[in-house]
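Below you'll find the structure, written out as C-alpha cells, and then a few comments.
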2 protein chains.
Amino acid sequence: MTHRATVDFLLYDWLKAESLCQRERHAEHNRETFTAVLDLSEKIAQEQFAPLNRLTDTHEPEFDGVTVTLPKETAMAMAAFNESGLMAASKDESVGGMRLPTVVEIASMSFFYKASVSLAAYPMLTRGNANTILAHGTPKQIEVFAKGGFEGRTFGTMCLSEPQAGSSLSDIATRAVPDVAGDGTGIGWQADSLGPRYRLKGNKMWISGGEHEMGENIVHLVLAKIPQADGKPVPGVKGISLFIVPRKLVKAGGSITAQRNDVALAGLNHKCGYRGTVNTLLNFGEGKFPVNGEAGAVGYLIGKEGEGLKCMFTLMNEARTSVGLGATMLGYAGYEYSLDYAKQRPQGRRMGAGGKDHSAPQIPIIEHTDVKRMLMMQKAIAEGGLALGLLCAQLLDDEQTGTGEEAEKAGLLLELLTPVAKSWPSEWAQEANSLAIQILGGYGYTRDYPVEQYWRDNRLNMIHEGTHGIQGLDLLGRKVVMNGGKALSVLAERISETIQKAGHVEGLAGHANALAQALQKVGATTKAAWSTGVSEEALANATPFLQAFGHTVLAWVWLELALAAKAAQAAGAWDRSPLGAGFLQGKLATADYFFSYELPKIDAWLGVVSRRDLTCAQAQADWF
Amino acid sequence: MTHRATVDFLLYDWLKAESLCQRERHAEHNRETFTAVLDLSEKIAQEQFAPLNRLTDTHEPEFDGVTVTLPKETAMAMAAFNESGLMAASKDESVGGMRLPTVVEIASMSFFYKASVSLAAYPMLTRGNANTILAHGTPKQIEVFAKGGFEGRTFGTMCLSEPQAGSSLSDIATRAVPDVAGDGTGIGWQADSLGPRYRLKGNKMWISGGEHEMGENIVHLVLAKIPQADGKPVPGVKGISLFIVPRKLVKAGGSITAQRNDVALAGLNHKCGYRGTVNTLLNFGEGKFPVNGEAGAVGYLIGKEGEGLKCMFTLMNEARTSVGLGATMLGYAGYEYSLDYAKQRPQGRRMGAGGKDHSAPQIPIIEHTDVKRMLMMQKAIAEGGLALGLLCAQLLDDEQTGTGEEAEKAGLLLELLTPVAKSWPSEWAQEANSLAIQILGGYGYTRDYPVEQYWRDNRLNMIHEGTHGIQGLDLLGRKVVMNGGKALSVLAERISETIQKAGHVEGLAGHANALAQALQKVGATTKAAWSTGVSEEALANATPFLQAFGHTVLAWVWLELALAAKAAQAAGAWDRSPLGAGFLQGKLATADYFFSYELPKIDAWLGVVSRRDLTCAQAQADWF
C-alpha cells in the first residue's frame, strides 16, 4: 500500500526532514535511523495492533464492580509498543529517549493509528501525559511520574471534563484542599518531595484509560480548584490548578505501593465505536479507598496554583493534533481497504459507442468514474491530513530546536494550525470513511468488513479534546486575532511563498491563482467578521469559518505537495520505486482534485461569516 | 414535539390536501378522517414501535441453521400495525382499503419511520410488494398474493441483487425455466391459474425480510432470466422477468400449504445498523426443499416475459421514495431528541460586555449560537425532507386521480424527483444525525442515548434501493433528458411559479431571486454537461450534479413553505395553536437558513459538472 511510500514522500521530498539532523539535538540521526524507526513501527503496528482492531470492538471493556477487564490482547499490544522504545523516541536519553525529531516520531505513530486507533490511544495519552509533566513538573515529579510513562511502565490520563461541565471548564467542581494531616499509614505516601500535597474530591467524566490493570500504575493529570481563604474557589478558569493523582500511592522515593489512592471507577461509558479505549467516569475522593483513614484522593500540585489550564494545554494541544492524526489514519485505513476492494471487485461494464457490451466480462469497479471520485476524495483527505499532521510535528521541532525568528514563527503557526489539525481530519476523514463504506456497498455496511468500524470509531473525533464548535471559537475568536493577527500573517507569508513558487510551474499556475484568491477571501472574511467588534456577531459563524479555513490550509498543503511531486519527477527521485511513475502522478492528480472539487466549497462557508449572518444566532428556542 | 404540527402544516397550509376530497375517489374523506388516521398512526407508532427501537438494535435476528428468530416484540409491533388497517389505507375496499389519498397514507407512515425505521421496513416492503402485484398481476394473482399483504397476513420482499451483481442488474444469474412436470405432491401446488409456472435457481443477496416466522407466508418478488431456445438468456436487462415466489406453496384456490417452496436461507447479514430488519442471502432452487421431488423454487410469472425490470420499477420507485422518507424521519428523530436535550442541558455562559459572569447559573445549550446552527440545519433537513416526501406522495395522487395534463405533468415530475427524494435525505439526514450526536457531545456517542443508533441506521440509506451513484446517473443520465427534457421543464415551470409569487412578498424576494439564479445555473449546467454528447463526459460528475440538483429542489420546497407560513400568518391560521407564533416564525427562519447557508453550496458542485471536469474520470488505477 502507499502509506509508507507517502510517509517517505512527505518526510523527504516535501519536508526535507533529513535537514533536521544538522541540528545539534538530532546530530546522531540520519535517514538510515529514521528508516529503521519507520520500518519497526510499520512492522509492530501491522503485526501486533491491526489484528486486534476488530477484537477490541466486539470485546468491550467490562467492569464487574471491582475490576475492569480488557481483552488480554490489549496488554500484549502495549507490551510490544513499549519494548520498541518508541514511547520516548523524541526525548532525551535521561528518560529513555533517543532524541528523534518529533516529525519522525509522529510519522511512526501514524502506523499505529491506522492499525488500531483505539489501542494507539493508550500510548498517545501516556506520552502526552508524560510530556506535560516533563514540561511543567519538578525534577522529582519528572523522575517519579513521567519516566514511568516514557518507559512504558505506567499509563497516563487527562482528567478535565465533569458530568455537569463538558466543554465549560470554568464550571468544574472538583476541589483540592491542602493535605495537612500526618502520614499515619506507615507506608510513606506523605511524600512532600513529590510536590505540594492536596486531597481531591470530585467526579471526572470521559476519562480514557481511567481504570484498568495494565502497567504498574496509572498517573492521572487532574484539573481541580483550590478553595481560597473564604472557602470559595476563584471563579472562571483562573481558579483551576493541575494535579498529579496516581492510582496507587507512591512513596517519596518514587516506588509504587500496593495501596490504592482514593480514585474509584463509577462506571464505564459504552460507546458507538473506539471501544478498544476504556472510557470511564471516575470518582475522586469519595472515600471508597480512604487514605490514612480519610476520604480524598492524594494529589500533587504541578506547575503553579491557578495555572492548571495553561499547563494542561501542553497536553491538550498535543492531544488535539493527535486526535486529528488519528482521524486521518482512520481515513487512510478506509481508503486503503476500499482501494483494494475497488481493484478486485468486478461489477458493471463500460459504456461503449453502441451501448454496453454484455458479452464482455464485468470490469473492476475502480474503472467507474464515481468510484474513482470517491477514492480521490479519500486520498485527498487521508494524504492531505497526514501531510498536515507531519507539518505540525515539524513546526514543533522548529519551535523547540530552531533558532530565533524561525522558532518563534513556527510556534505561532503551530498554535494557529492546531484547531485545523484537530478539526479538519475529524470532519473530513469521517466523510472519507463513509465513502469507503459506499464503495463496498452493502458489504461495507456489514460487520464482515472493517470499514463500518473505522466510520464508527472516527465519529468520536469531532467530540473529544474540544468539540468542533470549540475549535471554531478557538480559531476565529483567539488564534487569528492573537498578537495583532501575527500568526495569521505568518501563515499568509508561508502560503504566499508557495503561491509564488507554483505560479511559474506548468500545471500549477491555475491552482496558485485559486489559492491566492482563497487566501485573500479568508483574510477579508476575518476582517469583516470582526469589523463591528461585537464578538457575538464575529463568532456567530465560527464553525463555517473553521471549515473554510481548513479547506484553504489543505489547498495550500496540496499545492506544496504538487510542487514536491513536480520536483521529484524532475529529479527522477522515484524512478526506481516499484510504485512507478503513477505514484507522483497520483499526487498531482489529487492536488487537481482538491482545487477542482474541494476548494470552491469555501465560498458558501465564508459568505455567512463575512455577512455576519445572524439567522441562527437570533433564532429563538420556540422557533424549533 | 413539532412533528405532528408540521405534518398538519404541510398537508393543509401547504399542499391543501383537503382539496383531494373533491375527487371522486376520496369523496368519503375529509379533514376529520385524515385527522383520525394521523392520530391513530402517531399513537401506534409511539406506543408500539418506538419502545422497541433500541431492543431491535441490541437483539439482532438470529439463525440456528433451521429457523430465524426475531425478538418476539417485532411480531407484536406488526400485529398492532396490521390491526390498524393502515397497510391498505389508500387502496380499494376490495383489498381491504379505504381510498385514502396517498399523501395522507405517507404522512401516516412518517410516524412509524420516526419511531423505528427498521420495524417500519416490514410494512413498507409488504405494501410495495402488494402494490406491484396490484399494478402488474392478474386478478387471481392479486387475490392470492397481494391481498394477504394488504391485510397484513403475509409479508413481502423484493429480490433483485445477487452476490456477484449488486447494482448491475443486467448481470443477474438467477434462471427461471418453465415448469412442465405434473403435480405429484397431491397438494395442488401446480396452480396454473396463478400464472405461468417456472422453476427458479439462483442466489439473491441483501433481501430484507427474506426469512422469518411472522405471518402466514412471505411473498418474494424475484427478478430472473428465462433462457431462450438456445439455452442462453437474453443479455442485458431486457432478458429479465419478474416472478412471484411464495415461501410456502400456495394452492390454486389461494390457500397456503405447509409445504416449503425451494427457497433456503443461506445466511444473515450482520449490519452496522438497521438491525430490526432481518437481511438475508437466499438460495432459490438449490434443492434444500425440493418440490415434487425436484430442486427449483416454484414461481409464477407476473407481467410479461422480459418486462421484469419495468414491473419491478413500480416497487423500486416506491421503495426509493420510502427510503428517502425513512432517512428523513431518522433525521427528524435525531432533531427532536437533540432539540429536547439542548433545552434541558445547562452548560456554559453568555458572553456579556465585561466577559462571562461566572456567578450566573449556566445557560441551556440551546442558547449557544453553534447549537442553534446545528438544530437549524437538522430542522431544514428533517422538515424539508418530510415536505419533499409528502410532495412526491401528492404527485402520485395527482398522477393517479388528477386529470389530463395535470396528471401527466405530475407523473413526469415524480419521475424526475424520485432520485432526489431518495438521495437527498439519505445524504443530509445522515449529516443531521451526526449533528444530533454532536449536540449531545460525549453522551451522544454512547449507547445510552438513541442518537448514535439513528446515525448508524441511516447509513444504509445511501446504499440500498439504488446507491447514491446510481441515483446521480438516473437523474443526469435519464431523468433530466427524457422526453426531450420535458420533466425538467415541468419542474422549472413549477419553480418559476413559486419564484413569481415570492418575488412580491416581503422578506422572500431575495430568496426568490437566489432560487431563480440557482434554477438558471442548474439548467445551464445540464446543457453544458451534455454539450459534447459524450456520456462519459456528461456523467463524469453525476453525483455532484445530484447534490446540487437536490439542494435546488429543497430551496424551492423551503420557499414554498415560507410562502405557506406567510399566508398562514396572515390568515391567523395557527393563532390558537399552543405552539404559538414561534411555530410559523420557525418555518420562515429555516427558509432563511436554507438560503443563507445551504443553497450557496451548489456552485462548487455545479462547477465540475459544467466544466465536464475529468480529473476523476481520467485517473488511473496506479495513481491511487
>> Suppose the filter is surrounded by fewer than 19 Cβ atoms within 10 Å (Cβ to Cβ) and not hydroxyl-bearing (Ser, Thr, Tyr); does residue B:517 pass it?
In response: yes
>> Just checking, does the range B:188-199 include any residue being at pLDDT 85 or above and assigned to a loop (DSSP other than H, G, I, E, B)?
In response: yes
>> I'm trying to understand the selection: among the residues of the range B:495-504, which are open to solvent by 40 Å² or more (accessible area, probe 1.4 Å) and in contact (Cβ under 8 Å) with a residue 40 or more places away in the chain?
In response: B:501
> crowded, with 17+ Cβ neighbours inside 10 Å, of a type in the set (D, E, K, R) and over 30 Å from residue A:74 (Cα atoms): does that describe residue A:320?
Replying inline: no
>> Looking at B:79, B:45, B:88 in this structure, which one is out of contact with any Phe, Trp or Tyr (no Cβ under 7 Å at 6 or more places or on another chain) and over 14 Å from residue B:277 (Cβ atoms)?
In response: B:79
> How many residues are surrounded by 14 or more Cβ atoms within 10 Å (Cβ to Cβ) and in a helix (DSSP H, G or I) when one looks only at the range A:1-30?
Replying inline: 18
> Given the conditions (1) facing chain A (nearest Cβ under 8 Å); (2) open to solvent by less than 10 Å² (accessible area, probe 1.4 Å), and given that residue B:592 satisfies all but one, which numbered condition is not satisfied?
Replying inline: (2)
> Does the range A:603-624 hold any residues that are facing chain B (nearest Cβ under 7 Å), open to solvent by less than 50 Å² (accessible area, probe 1.4 Å) and either in a loop (DSSP other than H, G, I, E, B) or within 22 Å of residue A:533 (Cβ to Cβ) (or both), and which are they?
Replying inline: A:607, A:608, A:613, A:615, A:616, A:617, A:619, A:624
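This table checks each residue for (1) within 14 Å of another protein chain (Cβ to nearest Cβ); (2) within 29 Å of the chain's Cα centre (by Cα); (3) surrounded by fewer than 24 Cβ atoms within 10 Å (Cβ to Cβ).
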site: A:525; (1), (2), (3): yes, yes, no
site: A:529; (1), (2), (3): yes, yes, no
site: A:535; (1), (2), (3): yes, yes, yes
site: A:541; (1), (2), (3): yes, yes, no
site: A:550; (1), (2), (3): no, yes, no
site: A:563; (1), (2), (3): no, yes, yes
site: A:574; (1), (2), (3): yes, no, yes
site: A:578; (1), (2), (3): yes, no, yes
site: A:582; (1), (2), (3): yes, no, yes
> more than 30 Å from residue B:288 (Cα to Cα) and either touching a Cys at 6+ places or on another chain (Cβ under 7 Å) or open to solvent by 40 Å² or more (accessible area, probe 1.4 Å) (or both) - does that describe any residue in the range B:58-73?
Replying inline: yes
>> Restricting to the range B:340-392, and then to whatever is within 30 Å of residue B:416 (Cα to Cα) and in contact with a Pro (Cβ under 8 Å, 6 or more places away or on another chain), can you tell me which residue is surrounded by the fewest Cβ atoms within 10 Å (Cβ to Cβ)?
In response: B:388
>> Based on this model, can you work out whether residue A:319 counts as within 30 Å of residue A:432 (Cβ to Cβ), among the aliphatic types (A, V, I, L, M) and not in a loop (DSSP other than H, G, I, E, B)?
In response: yes
>> Only one of B:379, B:372, B:356 is charged (D, E, K, R), under 29 Å from residue A:239 (Cα atoms) and facing another protein chain (nearest Cβ under 10 Å). Can you tell me which?
In response: B:356
> So is residue B:127 touching a helix residue (DSSP H, G or I) at 6+ places or on another chain (Cβ under 9 Å), of a type in the set (D, E, K, R) and within 19 Å of residue B:312 (Cα to Cα) or not?
Replying inline: yes
> So which residues in the range B:161-180 are within 10 Å of residue B:203 (Cα to Cα) and open to solvent by less than 30 Å² (accessible area, probe 1.4 Å)?
Replying inline: B:161, B:162, B:172, B:174
> Taking the range A:81-94 as the search range and keeping residues that are open to solvent by 10 Å² or more (accessible area, probe 1.4 Å) and part of a helix (DSSP H, G or I), which one is nearest to residue A:461 (Cα to Cα)?
Replying inline: A:82
> What are the residue pairs meeting all of these: first residue in the range A:457-482, first residue more than 9 Å from chain B (Cβ to nearest Cβ) and open to solvent by less than 30 Å² (accessible area, probe 1.4 Å), second residue polar (S, T, N, Q) and not in a helix (DSSP H, G or I), Cβ atoms under 8 Å, and 6 or more apart or on different chains?
Replying inline: A:466/A:167
>> Take residue A:569 and tell me if it is touching a residue at least 60 places away in the same chain (Cβ under 8 Å) and closer than 24 Å to residue A:385 by Cβ.
In response: no
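The values are calculated or read from the model by the stated rules, or taken from the named source; none is laboratory data. Worth saying up front: this structure is predicted, and the values here are computed from it rather than measured. No Cβ is skipped: glycine too gets one built from the backbone with ideal geometry, and neighbour counts run over all protein chains shown. Ligands, DNA and RNA are excluded from the accessible area calculation, which covers all protein heavy atoms including side chains. Shrake-Rupley method; radii C 1.70, N 1.55, O 1.52, S 1.80 Å.
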